[in-house]
1. When the chain is fully extended, how far beyond the present Cα-Cα distance does ARG51 get from ALA36, taking 0.36 nm per residue of separation?
2. When you count, for each residue, the other Cβ atoms within 10 Å and take the mean per peptide, how do 97-107, 23-33 rank with the highest first?
3. At a 1.4 Å probe radius, carbon and sulfur cover how many percent of the accessible area of the chain?
4. Before rounding to the nearest 500, sum -39500 (n - 2.57) across all DSSP H runs of length at least 4 in the chain and divide by the residue total; then give [θ] at 222 nm in deg cm²/dmol.
5. Charges on Cβ only, +1 for Lys and Arg, -1 for Asp and Glu, centred on the Cα centroid of the chain; of ILE189, VAL135, ALA120, which one is farthest towards the dipole's positive end?
6. Can you compute log10 of I(q)/I(0) for segment 1-96 with the Debye formula, treating each Cα as one identical point scatterer, at q = 0.15 Å⁻¹?
7. Counting only other residues whose beta carbon sits under 14 Å from that of ALA152, what net charge do I get with K and R as +1, D and E as -1?
8. Compute a Gaussian network model of the chain, connecting alpha carbons closer than 10 Å, and tell me which residue from LEU176, LEU153, LEU65 fluctuates the most.
Amino acid sequence: MCAAEIPPRVAMLGGTFDPVHVGHLRSALELREALALDRVHMVPARVPPHRATPGVDAEQRATMLALGIADTPGLYVDDREIRREGPSYSTATLASLREELGPQARLVMALGYDAYLHLAEWHEPARLFELAHIVVIDRPDHQQPLPAALEALIEGREVESADTLMQSPAGGLLHLSLPTRMAISATVIRERLQRGESVRYLLPDAVERYLLARRLYR
Ligand code: ATP
């Protein structure tokens, strides 16, 4: 097979990134390595104004994400959910990526275990598997058992290795325990900032400088 025929391998990692932290960034980088991906699209979600963190809008979350990624090879800010009107359904995001990449591309939706636990409650959850593989990233701070609706949704989909997953364009489920597992959450960062405590080393320096200069999350 010549290079032009090798299907691209792309993942999306969605989130609110409110703010982005090294748990997100290190996971995205190690996900790219583990699956030999061409790139990881980090997709900030559009959050309805009544649910958004006061004083921090979608553009600021995307700017912090871009500052955090900086020149990291293979990681990109993908702002399509912010630009799209209406709710941020992952099926719509995956459908637009699938449209761009073609039917043979290996498309992955990656999410942390905490987000995965709620997957069966998402909009058109079965359609997610028609569009992409789902890769669940272990989080050391989240270990609850699966709800029954999720068990039913994933039945027969789990594969044991990245190689097996990447043999098809979509439809599989893989659990990944990445080399660096970090018990860091944006919630803890927001709480620390609110109390005026240091967030040094929990997020990239450029992100820390940006949010401190604007007194975000205070
Ligand atoms: P919050 O504390 O506000 O809920 P969060 O830190 O979980 O935020 P999100 O923006 O909701 O961050 O997360 C985006 C995605 O990244 C989710 O799939 C989430 O599970 C995953 N994620 C977040 N933090 C980590 C981490 N430390 N390690 C691995 N995955 C993570």
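The values are calculated or read from the model by the stated rules, or taken from the named source; none is laboratory data. Everything numeric in this text was worked out from a predicted model, so none of it was measured. Reconstructed Cβ throughout: ideal geometry from the backbone, glycine too, with neighbour counts over all protein chains shown. Keep in mind that these areas ignore ligands, DNA and RNA; they rest on the heavy atoms of the full protein, side chains included. Shrake-Rupley method; radii C 1.70, N 1.55, O 1.52, S 1.80 Å.
1. On the way: separation 15, 0.36 × 15 = 5.40 nm, distance 3.56 nm.
So the extension gain works out to 1.8 nm.
2. Working: 97-107: 15.9, 23-33: 20.5.
Going from most to least packed, we get 23-33, 97-107.
3. Values: 5580 of 11080 Å².
The computed percentage sits at 50.
4. Numbers: 10 runs with 82 residues, N = 218.
Helix contribution divided over all residues of the chain: -10000 deg cm²/dmol.
5. ILE189
6. Taken in order of the listed q values, log10 I(q)/I(0) reads -0.61.
7. Values: positive: ARG157; negative: GLU121, GLU151, GLU155, GLU158.
Counting the neighbours of ALA152, the net charge comes to -3.
8. LEU153
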